[in-house]
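The structure appears below as structure tokens.
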Amino acid sequence: MLLVLRLVLVPLLIAAVTLASRRWGHRVGAFVTALPAVAGPTLLFYAIQQGALFAAEAARGSLLGLVGVAAFCLVYARASTRLHWSLCLVLGWLSFAVVTLLISRVHVGPIGAFVIAVATLLSTRAFLPSHEPVPPASRAPRWDLPLRMGSAGALVFSLTAAADRLGSSVSGILTPFPVATAILAGFTHAQRGSAACVEFLRTYTPGLCGFAVFCVMLALTLPHLPITASFSVALATQLVLQTALFRRI
């Protein structure tokens, strides 16, 4: 059931972000991407099927997983100024894998994991390359959106097939695997060049601090509140803080 849900939600998220970016720009697209449209339902299924404590631990792991996402964004952005988008994806995924393997050995509580995640995301934005003026977007071909959605579905299937065999910490760390990030960055880079890709990542990376708020609220409240109340509090807190953050950037 979890696999089916993610196979539906991730392509829909890709479609929503793509259309929002075309209509209102990368700033709005990055805002939508940072929402827990995929990780939220995944953690909810963990809570229902495995219990609140398992989901709370997975949410804590998701915070540490954001360090790997930050590594992907930094490496991809840096590489995009010199390399083909396919090589950038490979390097980005390798950086995510290496950093995730290292960060999985870190044992801290939810607050400590939140501090690590936010500090890494904000530091990553500071080290992203500057970009040239972004040229206006040309009209996208008809096959663009279906291809993005199909690519996202294929990537999700590959990642989620073995998820039930993982422990709660590792499952949480892999929850924020840069599926949507990779699809959006790769397609933007291929179609509009490095400048547009970097512009997207410069907005998206600090926006993930909102997702970090969602995760830390879950990790702190799931052991004490009903599942519905915990997820409601986490989502409401993220929306308020993420809106304030995007207004500033």
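The values are calculated or read from the model by the stated rules, or taken from the named source; none is laboratory data. For clarity, every value in this text was computed on a predicted model and none was experimentally measured. Virtual Cβ from ideal backbone geometry, glycine too; neighbours counted across all protein chains shown. Note: accessible area is taken over every heavy atom of the protein model, side chains too, but ligands, DNA and RNA are not part of it. Shrake-Rupley method; radii C 1.70, N 1.55, O 1.52, S 1.80 Å.
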(message) Between L208, L184, L218, L225, which is over 21 Å from T124 (Cα atoms), in contact with a helix residue (DSSP H, G or I) (Cβ under 8 Å, 6 or more places away or on another chain) and in a helix (DSSP H, G or I)?
(response) L218
(message) Looking only at helices (runs of 4 or more DSSP H) that lie completely in region 27-133, which have at least 3 residues being at pLDDT 90 or above and more than 16 Å from A234 (Cα to Cα)?
(response) 52-80, 85-103, 110-127
(message) When you scan region 81-92, do you find a residue that is open to solvent by less than 30 Å² (accessible area, probe 1.4 Å) and among the hydroxyl-bearing types (S, T, Y), even just one?
(response) no
(message) Between a residue in region 47-76 that is among the polar types (S, T, N, Q) and any residue that is in a helix (DSSP H, G or I) and surrounded by 24 or more Cβ atoms within 10 Å (Cβ to Cβ), which pairs come within a Cβ distance under 6 Å, given they are 6 or more apart or on different chains?
(response) S62/G172; S62/C215
(message) Among the numbered criteria (1) within 15 Å of the chain's Cα centre (by Cα); (2) free of Cβ contacts under 8 Å to residues at least 24 places away in the same chain; (3) within 18 Å of L155 (Cβ to Cβ), which one does V8 miss?
(response) (1)
(request) For region 186-194, indicate whether the set of residues that are open to solvent by 10 Å² or more (accessible area, probe 1.4 Å) and under 22 Å from A97 (Cβ atoms) is non-empty. (result) yes
(request) Scan region 175-187 and give yes if some residue there is at pLDDT 75 or above and over 20 Å from the mean Cα position of the chain (by Cα), otherwise no. (result) no
(request) Considering (1) out of contact with any Leu (no Cβ under 7 Å at 6 or more places or on another chain); (2) over 30 Å from H107 (Cα atoms), say which one V17 fails and leave the rest. (result) (1)
(request) Can you work out which of the residues in region 93-103 that are within 17 Å of A212 (Cβ to Cβ) and in contact (Cβ under 8 Å) with a residue 60 or more places away in the chain is surrounded by the most Cβ atoms within 10 Å (Cβ to Cβ)? (result) F96
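The rows are residues; the columns are (1) open to solvent by 50 Å² or more (accessible area, probe 1.4 Å); (2) of a type in the set (A, V, I, L, M, F, W, C); (3) farther than 20 Å from G61 by Cβ.
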residue	(1), (2), (3)
L201	no, yes, yes
G210	no, no, no
T221	no, no, no
T228	yes, no, yes
A236	yes, yes, yes
